[in-house]
Each structure stands twice: as C-alpha cells, then as structure tokens.
Amino acid sequence: TAEGRSSMASQTSPLPLHDGHGMRSKMNVIAVLLILTSLFCSKIDAVNTAGTSGDGIGGHDGRDGSGDDAMTHDEVKAVPGSKSSHVNDPSHRRRKGGLRWRDLGVSLEKRPLTTALMLEKYESYDNGDGNNQHESSCLEDSIWLLHPSSGSVENGSLCGIIGPSGAGKSTFLNALGGTTPRSSGVYLTGSVLCEECACQPEHDDGDDDSGVAHRRYYHLSQQEGDIATLSQHDNFFDMLTPRESLEFAAYLESQKRERKRGSGDVKRYSDHREVARRKLASLGLSGVADRRIGDRTKMDGGGGGGGVGRSLPFGLGKVMKGLIDMRGGGLSGGERRRLSVALELITEPKIFLADEPTTGLDSSQAEKVVKLISKLAKERNVPSICTLHQPKSSIWKTLDQFILLAPGGKMCYAGDRENATTYFTQIGFECPHDTNPAEYFIDLVTIDTEDHVQALADKARISFLHYHFLQSCMTDHNIWPLPDIDGRPIAKQQTYTSKVGVRLLSLPSLLQTKLRDITNSSRRFLALLLRSWRQNIRNTQVIGIRLAGSVLQAALFASIFKSVRVGKSVPKSIADRVALLTYGVINMSIMALMKTLDLFARERSVVVREQMRCNYYGIEYLLAKVCAEVPLDTSFALVFAAVLKRLTGLRTSMATLIETYCLMTISSVSLGFAIGSFTSSVEAAMSTGLPIMVIFMVVGIINPSGVDPEDPPSKLLDVLKFFSPMKWAIESLVTAEFRGMDFGGKGQGIWGKVKDLPQMGALAMVQDGDSVLVNLGLGTAKYWDLAKNLLVLSGIYLSISLIGLSYFGPSFIDTDVI
C-alpha cells in the first residue's frame, strides 16, 4: 500500500553524505531505488488483488455490486471504427472471456421468468429462509424443463454438467448450443452470448499488465461453425477412413469459406489434406488414419474382428477373419470418439459442447476422452462444456468448473470445482473426506420417488440449494447484467461480415461470379459423389449378398412356375406368366426400397450436421446420391432379369425385361429417397416405408378377376395406383408379354385347345394374348406409354426428396436476443 511504501522509504538506512557530485550521485541512486521499490510493491498489490477477487462462494466473486466491477451503462462504449460492442473495464483486465448466459430456461408454456423473479418468489413465499420451497405454488415446477439460470464458463476451461437422470442436462446443453428442435414444442427464454477479451496497453511502455480489457459480445452461429457439438452417438460413413472423412470435412469447410470471400480464412483451408493430417496427428489418429471406420454395432469381439466366424466349419472362420482384418476391423470406441472430436474441430469453433462424451466407453477410455477435451480447451482457449453421468474421481479432478442441475433443471451450483466444497460447507452441506465430491453433489439433488416423506425432504433441500445459488447469481458481475449499447439490443453477429452498402456489379463481374458459383457447386457435387460411391462400392458384403440373392431368387421363381418353359403349352402358362412377372416386380421393388431407406436414414444424421453448417445445398447431395446409388441398384435388377429370362420361357425380349426392371428399380430408389428425406432415423424410415410399400403393392397387382367397366375405382384408388411403381412395372411387363401372343395348338383339335385354356377369372376361355389384355383392362395399352410413367414417378419422388432435404430438415429455436 501507499502507507507501507512510505514507511519503507522512511526506514531506509541513511548513507554517509559527501559534498559535490558524489553526494548528488548517491542521492540519485537512492531515488532510483525508491522508485523501483514502489513499482515492485504496486505490482505485488495488483497481483494480490486479482488473486483474491474471485474467492466468493459458488464460484462467483462475492462482490455486492458497489465497486468498480458493477457494469453500468456509462461504462459501455463503442470502439471507433468497430462493428462490435466493447466494454472498457480496467478492473477486468485479467478476465479471459468465454460463454455467458442469462435467464436461460426451457418451458412447456410461454411464461416470463427471470433469475430475479424466481428469487423474489422464493423470498415472498418463505420469508427468505430458503426452506419449504418444494410446493408447486412457488415456481410452477410442472411447466419448466429447465428453470431460468445465469452463469458463465471461461475460455480454456472444461465445465462438466452433472446431476441425476431427468435433471435437464441435455436440455441445457441444447439450449446453450441452439439445437433445441422446434418440433419439441417447448419455449426458450434468456440469452446466450460469447465474450472476447483483448488487453490493450494504456501506455506504450511494453507492459501488458497496464492495459485495459476490451470486451466484445456477440451471438454464436451453428451455420458458421462457431459451435462444435459432440452428440452421444458417433455418426460416420462407416466405409470411409478417418483420413477421408477429415479431408472431406476440411474440403467442404474450404468451399464454404470460398463462398464467404473476404473472411481471410480461405488460405488456411486451401490445403484440406494438410488440415486433415494435422487433425489426425493432434488427436493421436495417425496410426489408424487409413483404416475403415466400420460399424461397431455389427462387430463381435472387438476391433480386429476376432469374434467373427469362430463357429464356422471347415476353416471358413479363419477365412472370414482374414477378410475382416484386411478391411481393418473398424475403429475402437475411443478412436471413434476422437474422430468425432476431430470432425467438430475442423470449423475452428469458439465453443465445444459434448453430450455424454463417455457413453459406451470403459473407465479408462472415458478418462482419456475427457482429458483430451480438457487439453483441447486449453490449447485453443475456448470454453468446453460436457454432460457427465457419475464421473469417477480422476475425471472429476480434470474439470475446471462444473454445473449441478437438480430435477426440473434447477441449477444449484455453477462455478469453479475447487471452490465447490467450501461453498456447500458454508451453507451446511459438508462433503465427507472419503467420498467422491461428484457423487456427493449428485446425491444432494436426487429425489427419492419411492418414499413420499423423503421426497418432500429432498425437494425442500433442492429448493434451499437453488435459492442460495440464485442469491449468488445476483452478485456475480461476470454474468449479470449483460451489456447493451445505448439501450439497444446487441444484434446477432455473423462470423463473416462485409462493408455496408450496395455494390452494383457489371455484367462481366456478374457472369464471373455466377461461373465461380457453378464451378464450386460442381466441385462439391463431385466430392459428395466420391464419398457416396466409396460408401457403396466398399460394402462388399452387402453387394455380394444382394448379387447372390438376385440370382437365387430368379432361379427360385423359375422353379416354382415350371409351366413357363420353352416347349410347354402356352395357354396353360397364362396365369403363371402373370404371377411370375408380378412376383418378380414385387421382389426387386422391395429390395431396392428397403436398402435405400436403411442407407439413406443412416446417413441422415451426418447430412443434417453438414446442412446445419451450410456446407452444401440439398440438390447437390441428392444428385450425388442418385448417381452413386442408381447404377449399383440397377445392376442387381439387370442380373435378376437376365437370369429370369434365361431360365424361363418368357416371350418378352431380354432388352424389354431388363429395361422395365431397371426403370422400376430407379423409381423404387427414388421413393426411398422421398421417404427418407422426411424421417430422422432408420426406425422411422422403416416404419413409414413398409406400410407405403404394402399399399402400393396391393393397388399395383393386377386383379385376376378382371376389370368391370361399369364399376370404376374411386378417385383415391386412382391416385394411389398412379403413385405405385409396381403398378406401372407389372402392367408394362404383362402388356409386353401378351401383346400379339398366339396360343398355337395346331393339330390339337377343338377339345385339345379348350382343355389347355385357363378355367377361372378373367383368363377363362381366352383365345390369344390380346384377349387376355382386354379382359385384364389393358386392351388399348402400349408398353412404352406404361413404362414411361416409371420415369415420371422417379422425377416426382426426387422432387419430393429435394423439398424434404431443403425445407423439412431439423429446425431449431433461437434464444431471445437481449
């Protein structure tokens, strides 16, 4: 202090005085020493002040708002020439910045509620002593999934969210990251802002500690990649390698930044291969960079395929194991988690959110993943927040901060981990020395639902903790209140900004811009096509099964309908020919649809993540999928048709049979795209696709009783028939098979001809193929007029798919803009 420094100066031992220059020199030395001593003491005072300013309970500073840290309107100033708001605050020159939220809540009904209002309700209900707050009349707990709260997480810190099941941990994380679905029907309140601090020196003396902290606040954007979100389940294209996945993600990011010219980041992403290499090295994935990711749910016995084929006889198990080892066997759980982290870090995010990052991992791998997230948070100086379920002691010690949520989303603590035990001890809850603090804190906010009396006591304890946390929030000026400029709200900031004004482009410039957009779109299309093609062509097991299935099914149908043979009586085979063509269409249509639904739905989560960041347009992805899927699927239809023609005596030519089955397959694949674009999971896609396919099958089959012209079908039935690929394929094949058919039978006599004719339904007593078509309602039908409707249906279904991908993807609720 100043008094201490004066005392120190007065107690300095006097030096012998001499006349002349020697005396003046010594006096100058003494003056310099006193100045240096004063500066040193002031430096110590500044360090001590900064070190003790954050010792308040609950991880807050404990100040009452009367000091210089109270953020008033007069302290908010706009920096000249800047587009963002800044706060000049000398007392916060060591604050790191980070994520701030105020009154963030999620409710089932739209209700205005803030931290201050909740505190008033508590105090008015119970006179401020914090007890008996479990009654529903206090805070209307039934409508709040997450009670409004305020808090902050500093840059470079790892914050864990803990609490019992149903406490709203994932709900809170989604609210922070802006990923609360609109379809959930909930309401969000409050604001979430990111704070950046830059220390600017007050004097040009090279001393950084003498600067002023300039704080800039802005909203984060999922589309611009500001927020990295690690979901509970890893979502990849399992036939790709980690290197290919990261290179693709880096390439898409470079393309997006190319569209946002002027950001200054294009050069950094120009070499996407180098970006992928650095990510692989930094996350310890270089050793498995070229191994297939694989689907761990389909593997038995670990990543090397050791449990596959053990029970197969004749040494086939070793052969299968060798094939799987050649493919790499897939990544382990920990490696997949690290790859997920690497993919999220491609965008250079400003906040990292992880929902249960330790799901499905053993304790050792879980600890490694949490430590990895903590390391990345410190290296990149970004706040990292993750939900944790019963963290063990080693994981608990890795956390810098933590948030304790009680049922109903009541926040009972948010602050430094090291200060937590002191805070809870001060309010009457001391953690035993031999207990993991994380387990003790979770037990504090757990409600015993089986014992009504104990449940009431648990609710009262939770309300007490919640009440004290709200009190601490009101004195924490790191988060309360957030600044504004001249009373106006802070506008949402975009990562990429441009100069204000309208710039009229000349015709050459406009053409150049359009040409560049077309070129970039073509490049993204080719990249998406390459990824989809790799995903399909590398799945050799599925390809082999489908190929063998096509051959075996054609042979099975040929053996069932034995009358359809060369040299057999044509009239006897009329019914079998119709049935054979019908069952063949149904078989190939269902196979194409089910495969498309399964694959398209599995990729949906990855595509949604990429579309959230505006990496490409829906039409680019859809065209790439069509170009990658259709050739492979039609090849199976070609094989089926060729084998069926070879093993039977069908009159239809090989070319017509192959053409019809291929067109029908394209239409079925397009139908699968249409259904998959409106569903969010494999289960939902299958549950929707199967009923639709059954309906189309029923309305598409030719009625063997024939058509009654006096009893036409209803309008609804006509619409369903029009949208059925099976109807057009069956009618096309039947028309091609029977048009102009001559039953022959020369030398058999009248009785021989009549005996061979069908004897039931619309096929009874027909004379030739044309009469068969007349009785089936296809008398005037022509093959190509029917077959071209399959192309029309394919176009309609692809258009529906594009609409689903572009306009019916997941939509999220934004927090209020303060």
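Give the residues of the range 350-392 that are of a type in the set (Asp, Glu) and within 19 Å of Asn235 (Cβ to Cβ), sorted by residue number.
Asp355, Glu356
Restricting the first residue to the range 735-747 and requiring it to be farther than 14 Å from Ser653 by Cβ and of a type outside the set (Val, Ile, Thr), which pairs with a second residue that is crowded, with 19+ Cβ neighbours inside 10 Å and at pLDDT 90 or above meet a Cβ separation below 6 Å and a spacing of at least six or different chains?
Final answer for the pair search is none.
Return a yes/no flag: does the range 412-420 have any residue that is among the polar types (S, T, N, Q), in contact with a strand residue (DSSP E or B) (Cβ under 9 Å, 6 or more places away or on another chain) and crowded, with 17+ Cβ neighbours inside 10 Å. Walk me through it before giving the result.
Kept after step one, since they are among the polar types (S, T, N, Q), are these residues of the range 412-420: 419.
Those left that are additionally in contact with a strand residue (DSSP E or B) (Cβ under 9 Å, 6 or more places away or on another chain): none.
No, because not a single residue in the range 412-420 is among the polar types (S, T, N, Q), in contact with a strand residue (DSSP E or B) (Cβ under 9 Å, 6 or more places away or on another chain) and crowded, with 17+ Cβ neighbours inside 10 Å.
What number goes with the only condition from (1) modelled with pLDDT of 90 or more; (2) of a type outside the set (Lys, Arg); (3) surrounded by 13 or more Cβ atoms within 10 Å (Cβ to Cβ) that Tyr496 does not pass?
Only one criterion in (1) modelled with pLDDT of 90 or more; (2) of a type outside the set (Lys, Arg); (3) surrounded by 13 or more Cβ atoms within 10 Å (Cβ to Cβ) is unmet by Tyr496, namely (1).
Just need a number here: residues in the range 701-712 that are modelled with pLDDT of 75 or more and loosely packed, with under 12 Cβ neighbours inside 10 Å. Working first, answer last.
Taking the range 701-712 as the starting set, the residues that turn out to be modelled with pLDDT of 75 or more are 701-703, 711-712.
Still in the running and loosely packed, with under 12 Cβ neighbours inside 10 Å: 703, 711-712.
Count: 3.
Taking into account only those residues within the range 325-339 that are assigned to a helix (DSSP H, G or I), open to solvent by 10 Å² or more (accessible area, probe 1.4 Å) and not hydrophobic (A, V, I, L, M, F, W, C), which is modelled with the lowest pLDDT? Walk me through it before giving the result.
Step one: list which residues in the range 325-339 are assigned to a helix (DSSP H, G or I), which gives 325-327, 333-339.
Remaining after also requiring open to solvent by 10 Å² or more (accessible area, probe 1.4 Å): 325-327, 333, 335-336, 338.
Next, from what is left, pick out any that are not hydrophobic (A, V, I, L, M, F, W, C): 325, 327, 333, 335-336, 338.
Working: Asp325: 41, Arg327: 46, Gly333: 87, Glu335: 91, Arg336: 92, Arg338: 91.
That would be Asp325.
In the range 219-248, which residues are under 18 Å from Pro181 (Cα atoms) and aliphatic (A, V, I, L, M)?
Hits for the range 219-248 are Leu220, Ile227, Ala228, Leu230.
If you check every pair at least six apart or on different chains, which have Cβ atoms under 8 Å apart with a residue in the range 702-726 that is more than 20 Å from Ala674 (Cβ to Cβ) first and a residue that is among the acidic types (Asp, Glu) and open to solvent by less than 90 Å² (accessible area, probe 1.4 Å) second?
Matching pairs, first to second residue: Ile702/Glu731.
Okay, residues lined up against (1) open to solvent by less than 60 Å² (accessible area, probe 1.4 Å); (2) of a type outside the set (S, T, N, Q); (3) in contact with a Lys or Arg (Cβ under 9 Å, 6 or more places away or on another chain):
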| position | (1), (2), (3) |
| --- | --- |
| Asn520 | yes, no, yes |
| Arg523 | no, yes, no |
| Leu528 | yes, yes, yes |
| Trp533 | no, yes, no |
| Ile543 | yes, yes, no |
| Ala548 | yes, yes, no |
| Lys562 | no, yes, yes |
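Please go through the range 615-670 and give me each residue that is more than 23 Å from Glu247 (Cβ to Cβ), outside any helix (DSSP H, G or I) and either aromatic (Phe, Trp, Tyr) or open to solvent by less than 20 Å² (accessible area, probe 1.4 Å) (or both), ordered by number.
Thr648, Gly649, Leu650, Thr652
Would the range 684-707 turn up any residue that is of a type outside the set (Gly, Ala, Ser) and under 25 Å from the mean Cα position of the chain (by Cα)?
Step one: filter the range 684-707 for residues of a type outside the set (Gly, Ala, Ser), giving 686, 688, 690-699, 701-704, 707.
If we keep only those that are under 25 Å from the mean Cα position of the chain (by Cα) as well, we get 686, 688.
Yes, some residue in the range 684-707 is of a type outside the set (Gly, Ala, Ser) and under 25 Å from the mean Cα position of the chain (by Cα).
Output the qualifying pairs, or none if there are none: Cβ atoms under 9 angstrom, residues six or more apart or on different chains, first residue in the range 595-613 and within 19 Å of Leu632 (Cβ to Cβ), second residue assigned to a helix (DSSP H, G or I) and acidic (Asp, Glu).
What qualifies is Lys595/Glu629; Lys595/Asp633; Thr596/Glu629; Thr596/Asp633; Leu599/Glu629; Phe600/Glu629; Ala601/Glu683.
Tell me the residue from Arg277, Arg273, Arg259, Arg296 that is open to solvent by 50 Å² or more (accessible area, probe 1.4 Å), in contact with a helix residue (DSSP H, G or I) (Cβ under 9 Å, 6 or more places away or on another chain) and modelled with pLDDT of 90 or more, please.
Selected residue: Arg277, the only one of Arg277, Arg273, Arg259, Arg296 that is open to solvent by 50 Å² or more (accessible area, probe 1.4 Å), in contact with a helix residue (DSSP H, G or I) (Cβ under 9 Å, 6 or more places away or on another chain) and modelled with pLDDT of 90 or more.
Taking Lys368, is it farther than 18 Å from Ser152 by Cα and free of Cβ contacts under 8 Å to residues at least 12 places away in the same chain?
Working: farther than 18 Å from Ser152 by Cα: yes; free of Cβ contacts under 8 Å to residues at least 12 places away in the same chain: no.
It is false that Lys368 is farther than 18 Å from Ser152 by Cα and free of Cβ contacts under 8 Å to residues at least 12 places away in the same chain.
Please specify each residue of the range 770-784 satisfying the condition of being touching a residue at least 60 places away in the same chain (Cβ under 8 Å), of a type outside the set (A, V, I, L, M) and within 15 Å of Val578 (Cβ to Cβ).
Those that are touching a residue at least 60 places away in the same chain (Cβ under 8 Å), of a type outside the set (A, V, I, L, M) and within 15 Å of Val578 (Cβ to Cβ): Asn775, Gly777.
So Ala438 ticks every box in (1) modelled with pLDDT under 50; (2) more than 30 Å from Asp814 (Cβ to Cβ) but one. Which box is left unticked?
So the condition that Ala438 fails would be (1).
Name the residues in the range 693-704 that are over 12 Å from Met594 (Cβ atoms) and of a type in the set (A, V, I, L, M, F, W, C), would you?
Initial filter on the range 693-704 (over 12 Å from Met594 (Cβ atoms)): 694-704.
Matches in the range 693-704: Val694, Ile695, Phe696, Met697, Val698, Val699, Ile701, Ile702.
How many of the residues making up the range 365-409 are among the polar types (S, T, N, Q) and either surrounded by 22 or more Cβ atoms within 10 Å (Cβ to Cβ) or at pLDDT below 90 (or both)? I'd like the intermediate steps shown before the answer.
Initially, the range 365-409 is screened for residues among the polar types (S, T, N, Q), giving 365, 374, 381, 384, 387, 390, 393-394, 398, 401.
Add one more test, that the residue is either surrounded by 22 or more Cβ atoms within 10 Å (Cβ to Cβ) or at pLDDT below 90 (or both), and what stays is 365, 384, 387, 390, 401.
Residues in the range 365-409 being among the polar types (S, T, N, Q) and either surrounded by 22 or more Cβ atoms within 10 Å (Cβ to Cβ) or at pLDDT below 90 (or both): 5 in total.
Quick one: which residue in Ile574, Ile586, Ile490 is in a helix (DSSP H, G or I), out of contact with any Lys or Arg (no Cβ under 9 Å at 6 or more places or on another chain), at pLDDT below 90 and open to solvent by less than 40 Å² (accessible area, probe 1.4 Å)? Talk me through it step by step, then tell me what you get.
Numbers: Ile586 fails: at pLDDT below 90; Ile490 fails: in a helix (DSSP H, G or I).
Step by step, each of Ile574, Ile586, Ile490 is checked, and only Ile574 is in a helix (DSSP H, G or I), out of contact with any Lys or Arg (no Cβ under 9 Å at 6 or more places or on another chain), at pLDDT below 90 and open to solvent by less than 40 Å² (accessible area, probe 1.4 Å).
Quick one: is Ala558 part of a helix (DSSP H, G or I) and in contact with a helix residue (DSSP H, G or I) (Cβ under 8 Å, 6 or more places away or on another chain)? Let's see the steps before the verdict.
Details: part of a helix (DSSP H, G or I): yes; in contact with a helix residue (DSSP H, G or I) (Cβ under 8 Å, 6 or more places away or on another chain): yes.
Here the answer is yes, as Ala558 does meet what is asked.
The values are calculated or read from the model by the stated rules, or taken from the named source; none is laboratory data. In this text the structure is predicted, and so the values were computed from the model without any measurement. Note that each Cβ is placed from the backbone with ideal geometry, even for glycine, and that neighbours are counted across all protein chains shown. The protein model used for the area step is the full one, side chains on, heavy atoms only, and it has no ligands, DNA or RNA in it. Shrake-Rupley method; radii C 1.70, N 1.55, O 1.52, S 1.80 Å.
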